[in-house]
């Protein structure tokens, strides 16, 4: 069992894997490594392992693909992203999304769009960014 926040971050990271319609071994490897780097924790406060993350993806791959293919995928994705808006290390999640998207040697438009949406909803590059100012 894993905490809700860990589940949601895994779901978000998995979306970049399926964004282009293909699942590559290099993406799964990056997914597992990135989850460990964030670090994501289990219910006992321990870091989840690469094997756990790979098993999680395998167990949830149908659900992840269905999420992307549903008529409400935009709404569901928005809810997922916004539900993580208070996560303390959003930078690590964005970095992970980028690493996973680049892991197959090609950054697809769908992957770039997903990352852009996440950044936008989290106001990643907005006025809350360090050193940002209003005006010229």
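Every number in this text was worked out from the coordinates using simple rules, so none of it is lab data. Fair warning: this is a prediction, and the values are worked out from it, not measured in the lab. Every residue, glycine as well, gets a Cβ built from its backbone with ideal geometry; the counts of neighbours run over all protein chains shown.
Structural descriptor for the chain: relative contact order 33 percent, calculated from alpha carbon pairs under 8 angstrom and at least 6 residues apart. Working from Cα positions, state the angle (0 to 90°, nearest 10) between the long axis of helix 25-37 and the longest principal axis of the chain. So the inclination is approximately 70 degrees. Once the Cα-Cα distance is subtracted from the 0.36 nm per residue extended length, the residue 121 to residue 26 segment shows a gain of 31.5 nm. Distance from the Cα centroid of region 18-44 to that of region 59-117 is 11 Å (rounded to whole angstrom).
In cubic angstrom, how much convex hull volume per residue do the alpha carbon atoms of the chain span?
In the chain, the Cα hull volume divided by residue count equals 122 Å³.
What FRET efficiency, computed as 1/(1 + (r/R0)^6) with R0 = 22 Å and r the Cβ-Cβ distance, is obtained for residue 79 and residue 46, rounded to the nearest 0.05? So, using R0 = 22 Å, E works out to roughly 0.20. Against the chain, whose longest principal axis comes from its Cα atoms, helix 90-102 is set at around 60 degrees. Helix 109-121 and the long axis of the chain differ in direction by around 60°, with both axes built from C-alpha atoms. Comparing 60, 108, 22 in a Gaussian network model of the chain (Cα springs below 10 Å), the most mobile by mean-square fluctuation is 22.
Taking every alpha-carbon pair under 8 Å whose residues sit at least 6 apart, region 1-70 reaches a relative contact order of 37 percent.
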